[in-house]
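The values are calculated or read from the model by the stated rules, or taken from the named source; none is laboratory data. Quantities reported herein were computed from a predicted structural model and do not represent experimental measurements. Heads up, the Cβs are rebuilt from the backbone with ideal geometry, glycines too, and the neighbour counts pull from every protein chain shown.
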Amino acid sequence: MASGASRLNRVQWHLFDASEIPVGRMATRIATLLMGKNKPTYSPHLDHGDNVVVINAKQVVFTGKKYEKKLYRWHTGYPGGFRETTPKFIVESKERPERIIQSAVKGMLPRNKLRDKRLHRLKIFSDDQHPYDSYFGKIK
């Protein structure tokens with residue numbers, strides 16, 4: 001049997017609705033699909049993952065009080081450039097709520113050369129409109 005593009009290695013498309021699943025649980029499922037760990041041909045040094053589309057990112061769900069109390073911290077690189085914000089501020093100020101899901105998934109992917117390629121296959125949209133309707137239900 002020839003190796004390579006077998007039926008098991010074909011890229012599939014998966015759709016997630018961020019208004020139904022808490023962020024952490026959704027991020028673990030997405031990271032598994034992006035890495036290809038759900039396939040029997042999984043190998044850590046190969047990239048056989050699937051494409052993932054996430055809709056309704058502005059209606060993101062957190063458990064407990066994390067929506068108001070969780071902090072995202074970063075430094076701008078300038079003196080006194082330490083910044084922090086909450087998910088509530090990100091969503092309500094319309095400051096790209098997609099970053100919440102992207103940072104959660106990025107933190108769950110292994111830190112190697114394949115990380116950026118895998119994150120490129122993650123498509124996140126604020127509302128339920130997306131241009132990838134034709135891919136669902138097909139094996140590409």
Which ones in region 50-103 are touching a Phe, Trp or Tyr at 6+ places or on another chain (Cβ under 6 Å) and under 30 Å from Asn9 (Cα atoms)? Asn51, Val53, Val54, Ile55
Hits in region 84-130 (condition: outside any helix (DSSP H, G or I) and closer than 20 Å to Leu33 by Cα): Leu109, Pro110, Arg111, Asn112, Lys113, Leu114, Arg121, Leu122, Lys123, Ile124, Phe125, His130
Which one is surrounded by the most Cβ atoms within 10 Å (Cβ to Cβ), of the residues in region 104-140 that are at pLDDT 95 or above and under 20 Å from Glu20 (Cβ atoms)? Val105
What tally of residues in region 75-92 results from selecting those that are surrounded by 11 or more Cβ atoms within 10 Å (Cβ to Cβ), over 18 Å from the mean Cα position of the chain (by Cα) and hydrophobic (A, V, I, L, M, F, W, C)? 1
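Pick from region 26-39 the residues that are out of contact with any Lys or Arg (no Cβ under 7 Å at 6 or more places or on another chain) and touching a residue at least 40 places away in the same chain (Cβ under 8 Å): which of them is farthest from Ile124 (Cα to Cα)? It would help to see each step written out before you state the result.
Initial filter on region 26-39 (out of contact with any Lys or Arg (no Cβ under 7 Å at 6 or more places or on another chain)): 26-33, 36-39.
Checking which are touching a residue at least 40 places away in the same chain (Cβ under 8 Å) leaves us with 26-28, 30-31.
Working: Met26: 13, Ala27: 12, Thr28: 15, Ile30: 11, Ala31: 14 Å.
Restricting to residues being out of contact with any Lys or Arg (no Cβ under 7 Å at 6 or more places or on another chain) and touching a residue at least 40 places away in the same chain (Cβ under 8 Å), the top hit is Thr28.
Among the listed residues Val23, Val52, Val11, Val60, which satisfies the condition of being in contact (Cβ under 8 Å) with a residue 40 or more places away in the chain, in contact with a Leu (Cβ under 6 Å, 6 or more places away or on another chain) and surrounded by 12 or more Cβ atoms within 10 Å (Cβ to Cβ)? It would help to see each step written out before you state the result.
On the way: Val23 fails: in contact with a Leu (Cβ under 6 Å, 6 or more places away or on another chain); Val11 fails: in contact with a Leu (Cβ under 6 Å, 6 or more places away or on another chain); Val60 fails: in contact with a Leu (Cβ under 6 Å, 6 or more places away or on another chain).
Matching residue, one of Val23, Val52, Val11, Val60: Val52.
Can you find even one residue in region 40-53 that is among the β-branched types (Val, Ile, Thr), at pLDDT 95 or above and under 19 Å from His120 (Cα atoms)?
Within region 40-53, one or more residues are among the β-branched types (Val, Ile, Thr), at pLDDT 95 or above and under 19 Å from His120 (Cα atoms).
Test of understanding: among Arg115, Arg83, which residue is without any contact (Cβ under 8 Å) to a residue 40 or more places away in the chain and touching a His at 6+ places or on another chain (Cβ under 9 Å)?
Values: Arg115 fails: touching a His at 6+ places or on another chain (Cβ under 9 Å).
Only one candidate passes the filter, namely Arg83.
Within region 42-52, is there a residue that is touching a strand residue (DSSP E or B) at 6+ places or on another chain (Cβ under 7 Å), in a loop (DSSP other than H, G, I, E, B) and of a type outside the set (Val, Ile, Thr)?
At the first step, the residues of region 42-52 found to be touching a strand residue (DSSP E or B) at 6+ places or on another chain (Cβ under 7 Å) are 50-52.
After this cut, where a residue has to be in a loop (DSSP other than H, G, I, E, B) as well, the list is 50.
Right, trim to of a type outside the set (Val, Ile, Thr) and you get 50.
Checked against the condition, which is being touching a strand residue (DSSP E or B) at 6+ places or on another chain (Cβ under 7 Å), in a loop (DSSP other than H, G, I, E, B) and of a type outside the set (Val, Ile, Thr), region 42-52 yields at least one hit.
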